[in-house]
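For reference, the structure is listed below as structure tokens.
The values are calculated or read from the model by the stated rules, or taken from the named source; none is laboratory data. Note that the structure is a prediction, hence the values are computed from the model and not measured. No Cβ is skipped: glycine too gets one built from the backbone with ideal geometry, and neighbour counts run over all protein chains shown. For the accessible areas, the whole protein counts, side chains as well, though only heavy atoms, and no ligand, DNA or RNA atoms are used. Shrake-Rupley method; radii C 1.70, N 1.55, O 1.52, S 1.80 Å.
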Amino acid sequence: MGFALILLAALLALFFSEPVGAAEGSWSVQQGEVTSTGLWAVHFASASEGWAVGGEGTVLHTTDGGAHWRAQYKEKGERFFSVHFPDRLHGWAVSWTGKVVHTADGGQRWEEQKNPERAWLWDVHFVDPINGWIVGDRGIILHTADGGKQWEIQKSGMDGPILEVFFIDAQRGWACGWGGMILQTQDGGKRWTAQQSGTTNPLEGIFFVDPLRGWAVGRQGTILRTIDGGKRWQPQESHTEHLLLNVQFASPQVGWIAGGSGTMLRTENGGGAWEKVDAIVSKTFEGLSFSDSRHGWAVGWGGVIVHTRDGGKRWEAQNNGFTDRFFRIHFVDGQHGWIAGETGTLLHTEDGGRTWTPQETGSEEWVLSVRFTSPQEGWAVGAKGLLLHTLNGGKKWVHQPALTEASLEGIFFLTPKIGWIVGETGLIFRTDDGGKRWTFQFSNTIYSLADVVFLDERKGWAAGDGGTLLQTEDGGATWTPFRLPATPSLVRLLFTSANQGWVVGGEGTLLATGDGGRSWTPVKTGTALPLWDISMQGREGWIVGDLGTILHTKDGGKSWEESTSGVTQRLTSVTFPSPARGWAVGKGGLILRFGPETPPTEQAPAHPEPPKTIDRAAAPLPSKARSR
């Protein structure tokens, strides 16, 4: 537990208090990471403004050199592999489904452009807002001379994947790809000619500083250099067997290469010697971009982003790609709140969420839910039957005798004495003496139960997998299933009165009742993404879900509209202790805050060492050549 606490303490200051919306009353990142999905490309138009793209159709944007990132675009199941901006307004991104998206306003709006090839597209490159090229599978090369309004096919003479393309002007360009392929054109791509690379290793990155001098990199540490426009390519020693994915030069002498397992190489003599640089993380870098000779960024697996301010001699993490999750946030009053998460994590605030402090639980198991009956007394449940109790606000958490070895997923206390716990395989337990004794209740289901809520000692509900919704009128002595027309998993219950209640779940499910649960009516949410929690304050309410989804209602839940979160993480819990202040938590150690600005806390002195990752060859989401 000690390492987890150190890690969380260091995470607390990351991205603190940066607004993701301009107006007061918007959502802002209080701590954590805006994405943990893989990032496959990055492009900076200046030392301050840049974009990164990747899994789940993610397009991230920054205007402060990467100190803070905001999601401009996201699309479930999509994966962008390249992004390029010839200036700060005009940009393009291409994907594995053949999608081409374009912006003419710096990413405020992204629109799809039609292209004649719906194949895997690997790279896009523009020399100005008008002239650009795209390369992809099956030897595909596309060209536009009108900013993408029309894309025409150019004949490459190849049938293998072309992985990257680079032009120094509207006429002269090169492309590289599978089997050591290098192609060159002198007429804007009307004719492409194969060059002899001298290798059969896939080449994944290519860059030229002028019409004569260029480099290509690829598998097994391959580095090639030419000083005659590619008539002859000569190998350079990389001193690594790792996959090399990107190469960029600021001058004929100074350049960088990024690749597998955190590989970062730097040269100051045109590649006569490449030195390995510590890039802080060991995750594979998929994208590399330098805005000038000093400021550079690399992105990769798990959403990792690193940045240099001194030409690549030293790198610092801007997004570590942590995947630790927070599962539940709970406030007992306006000042005292707790967050439950992975590896025995419990965070606590006693200043209304201004600061969050880790509490020692003595466990490495996931803490799935937390509930307090006062600022002093509370309970937490989790994986493998974890059951914790505190009488001093969490300063000391005491492990309770195990009720089961199954996961306990939800807990609710009606009074300090009377409470219920639900969990896997339909488990329900009740206590009438403040947890001294817990009594098993028969749920009449084998589906896992995720949440439980009671209005009084007799009337309550439980929800779970397979569309399970149970009701009791006798305190849980008997539970009756409510038959629903659909069967997505139900994960969170909320009642704001004896009659008005809601339940959210998978596939964008929201059910509402206005008669105390006698009937439940589906409500349109406008999304098919999983929804994980709901909070209501009067007629205003919020729902959170996958891909940073936040839905908002102003009419008591009759209609819902998406609210900008600026993140792509799964959001698992939301709460509003008051109408003006709220929080949402989720994957990546993420805490979002809604409400007026508060001063940031003092930042941690350094980023922690991120977890080690497996080598690229064994990874489930490979890059370029391995993605086939």
The stretch 274-292: number of residues that are of a type in the set (Phe, Trp, Tyr) and not in a strand (DSSP E or B):
1
Do the conditions hold for residue 350, that is, is it free of Cβ contacts under 8 Å to residues at least 40 places away in the same chain and of a type in the set (Asp, Glu)?
no
Taking first residues from the stretch 131-148 that are under 15 Å from residue 170 (Cβ atoms) and second residues anywhere that are assigned to a strand (DSSP E or B) and among the small types (Gly, Ala, Ser), the pairs with Cβ under 6 Å that are 6 or more apart or on different chains are 144/132
The number of residues in the stretch 214-247 that are in a loop (DSSP other than H, G, I, E, B), hydrophobic (A, V, I, L, M, F, W, C) and either touching a residue at least 24 places away in the same chain (Cβ under 8 Å) or buried (at least 23 other Cβ atoms within 10 Å of the Cβ) (or both) is 2
Take residue 169 and decide whether it is over 32 Å from the mean Cα position of the chain (by Cα), modelled with pLDDT of 95 or more and in a loop (DSSP other than H, G, I, E, B).
yes
Meets criteria (closer than 26 Å to residue 445 by Cβ, under 30 Å from the mean Cα position of the chain (by Cα) and touching a residue at least 12 places away in the same chain (Cβ under 8 Å)) for residue 362:
no
Residues that are open to solvent by 40 Å² or more (accessible area, probe 1.4 Å), modelled with pLDDT of 95 or more, at positive phi and touching a Phe, Trp or Tyr at 6+ places or on another chain (Cβ under 7 Å): does the stretch 557-574 have at least one?
no
Select the strands (runs of 3 or more DSSP E) contained entirely in the stretch 20-71, then report the ones holding at least 1 residues which are touching a strand residue (DSSP E or B) at 6+ places or on another chain (Cβ under 7 Å), within 17 Å of residue 121 (Cβ to Cβ) and among the aliphatic types (A, V, I, L, M).
39-44, 50-54, 58-62
Looking at (1) in contact with a Leu (Cβ under 8 Å, 6 or more places away or on another chain); (2) closer than 20 Å to residue 134 by Cβ; (3) not β-branched (Val, Ile, Thr), which one does residue 160 not meet, given that it meets all the others?
(1)
Residues in the stretch 404-423 that are farther than 18 Å from residue 459 by Cβ and either hydroxyl-bearing (Ser, Thr, Tyr) or out of contact with any strand residue (DSSP E or B) (no Cβ under 7 Å at 6 or more places or on another chain) (or both) total 4
Go through the stretch 536-551 residue by residue and tally those that are assigned to a strand (DSSP E or B) and either open to solvent by less than 10 Å² (accessible area, probe 1.4 Å) or farther than 17 Å from residue 496 by Cα (or both).
7
Does any residue of the stretch 351-369 turn out to be crowded, with 16+ Cβ neighbours inside 10 Å and more than 23 Å from residue 324 (Cβ to Cβ)?
yes
Every residue in the stretch 57-71 that is under 18 Å from the mean Cα position of the chain (by Cα), modelled with pLDDT of 95 or more and open to solvent by 20 Å² or more (accessible area, probe 1.4 Å), please.
61
Checking residue 119 against (1) open to solvent by less than 20 Å² (accessible area, probe 1.4 Å); (2) in a strand (DSSP E or B); (3) without any contact (Cβ under 8 Å) to a residue 24 or more places away in the chain; (4) of a type outside the set (Lys, Arg), the condition it does not meet:
(2)
Just one of 548, 506, 566 is under 22 Å from residue 366 (Cα atoms), touching a Lys or Arg at 6+ places or on another chain (Cβ under 8 Å) and of a type in the set (Gly, Ala, Ser); which is it?
548
If we scan the stretch 321-329, do we find a residue that is open to solvent by less than 10 Å² (accessible area, probe 1.4 Å) and within 18 Å of residue 68 (Cβ to Cβ)?
yes
Among strands (runs of 3 or more DSSP E) lying entirely in the stretch 306-359, which contain 2 or more residues that are closer than 21 Å to residue 392 by Cβ?
326-331, 337-341, 346-349, 357-359
When residue 373 is evaluated against the numbered criteria (1) in contact (Cβ under 8 Å) with a residue 40 or more places away in the chain; (2) under 29 Å from the mean Cα position of the chain (by Cα), which criterion, by number, is the only one it fails?
(2)
Is it true that residue 444 is in contact with an Asp or Glu (Cβ under 9 Å, 6 or more places away or on another chain), of a type outside the set (Ser, Thr, Tyr) and open to solvent by 60 Å² or more (accessible area, probe 1.4 Å)?
no
Could you tell me which numbered condition residue 295 fails, if it satisfies all but one of (1) more than 22 Å from the chain's Cα centre (by Cα); (2) buried (at least 19 other Cβ atoms within 10 Å of the Cβ); (3) under 28 Å from residue 399 (Cβ atoms)?
(3)
Based on this model, can you work out whether residue 190 counts as out of contact with any Pro (no Cβ under 6 Å at 6 or more places or on another chain) and under 25 Å from residue 96 (Cβ atoms)?
no
Could you pull out every one of the strands (runs of 3 or more DSSP E) wholly within the stretch 445-505 that has 3 or more residues that are closer than 22 Å to residue 407 by Cα and in contact with a Pro (Cβ under 9 Å, 6 or more places away or on another chain)?
468-472
Here are 302, 270: which of them is under 27 Å from residue 226 (Cβ atoms) and open to solvent by less than 40 Å² (accessible area, probe 1.4 Å)?
270
Counting just the residues of the stretch 87-116 that are outside any strand (DSSP E or B) and open to solvent by less than 40 Å² (accessible area, probe 1.4 Å), which one comes out modelled with the lowest pLDDT?
115
Taking the criterion of being assigned to a helix (DSSP H, G or I), over 21 Å from residue 248 (Cβ atoms) and either in contact with a Phe, Trp or Tyr (Cβ under 8 Å, 6 or more places away or on another chain) or at pLDDT 95 or above (or both), would at least one residue in the stretch 184-207 satisfy it?
no
Within the stretch 516-528, tally of residues that are more than 18 Å from residue 463 (Cα to Cα) and either open to solvent by 30 Å² or more (accessible area, probe 1.4 Å) or at pLDDT below 95 (or both)
4
Taking the stated definitions as given, is residue 151 within 22 Å of residue 174 (Cβ to Cβ), open to solvent by 10 Å² or more (accessible area, probe 1.4 Å), more than 27 Å from the chain's Cα centre (by Cα) and of a type in the set (Phe, Trp, Tyr)?
yes
Could you list all residues from the stretch 389-403 that are under 16 Å from residue 440 (Cβ atoms) and out of contact with any Lys or Arg (no Cβ under 9 Å at 6 or more places or on another chain)?
400, 401, 403
